[in-house]
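Step one of this worksheet: look at the structure below.
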């Protein structure tokens, strides 16, 4: 039962270059998902915990004897919207975190060290009030430098990439364009910095006092783990669903 997802999509005339020349193409903008009322009526769901080696096509083969039926998982799981929503293996997740949270966090004591409302000095000259994305930031003692990729006053930090040298605690760091500066409290890997905090009840908050910190790395690990349990339609119901799919996709 080979049922590739786009095989049954209708063909339309499509002006790719907006120049009046039409080509035949599948109408990929169509989408069919099981509605919420229908979900409650379906009793043929089972649940599956996605393992390290369970790619969508591998799991479809395991459950339906057909690797092309992987798209059925997307039809009945709201948290699956694109292929990127499939839970990552440990190795791929590690690479993802390393790429997403690359760089170092330069941490201050106050959020106003990172950005504050614009103001002027006694000579009516603008006081540097925020760092600038992409600007070079230099340490006064170490002469280390890097470039701003994130400005985060909520966590009292700026994130730098392409760092040369080693920043030192308690030195002054200054932006070369903004002239904004602060005394460096500490330096940490971006992945180890807080994503959010949690109360004893597990409620997310931005308040650190009395709450448990959840790092960027831990957040991504938990988020990935939460996606591992999915619903799937029992094998004996697949045939009927495919017949309805073919009918509705062409309407």
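Being at pLDDT below 90 and out of contact with any strand residue (DSSP E or B) (no Cβ under 7 Å at 6 or more places or on another chain) is the filter here; which residues of the stretch 54-73 pass it?
First, pick out the residues of the stretch 54-73 that are at pLDDT below 90: 68-72.
Answer for the stretch 54-73, where residues must be at pLDDT below 90 and out of contact with any strand residue (DSSP E or B) (no Cβ under 7 Å at 6 or more places or on another chain): 68, 69, 70, 71.
Taking the stated definitions as given, is residue 163 part of a strand (DSSP E or B) and closer than 30 Å to residue 61 by Cα?
No; evaluated as a whole, the condition is false for this residue.
So, residue 154, is that one farther than 30 Å from residue 233 by Cβ, in the same structural domain as residue 207 (by TED's automatic domain parsing) and assigned to a strand (DSSP E or B) or not? Steps first, please.
Numbers: farther than 30 Å from residue 233 by Cβ: yes; in the same structural domain as residue 207 (by TED's automatic domain parsing): yes; assigned to a strand (DSSP E or B): no.
Judged against the criteria, residue 154 is not a match.
Scan the stretch 74-86 residue by residue and report those that are out of contact with any strand residue (DSSP E or B) (no Cβ under 6 Å at 6 or more places or on another chain) and over 16 Å from residue 235 (Cα atoms).
78, 79, 80, 81, 82, 83, 84, 85, 86 - these are the residues of the stretch 74-86 that are out of contact with any strand residue (DSSP E or B) (no Cβ under 6 Å at 6 or more places or on another chain) and over 16 Å from residue 235 (Cα atoms).
Name every residue in the stretch 39-53 that is in contact with a strand residue (DSSP E or B) (Cβ under 9 Å, 6 or more places away or on another chain) and either modelled with pLDDT under 95 or over 12 Å from residue 89 (Cβ atoms) (or both), in order of residue number. If you could, list the steps in order and put the result at the bottom.
Filtering the stretch 39-53 down to residues in contact with a strand residue (DSSP E or B) (Cβ under 9 Å, 6 or more places away or on another chain) leaves 39, 42, 44-50.
Result: 39, 42, 44, 45, 46, 47, 48, 49.
Working carefully through the options 59, 63, find the one that is outside the structural domain of residue 189 (by TED's automatic domain parsing), over 29 Å from residue 218 (Cβ atoms) and surrounded by 13 or more Cβ atoms within 10 Å (Cβ to Cβ).
63
The values are calculated or read from the model by the stated rules, or taken from the named source; none is laboratory data. All values reported here derive from a predicted model rather than from experimental measurement. Cβ atoms come from the backbone with ideal geometry, glycine included; neighbour counts cover every protein chain shown.
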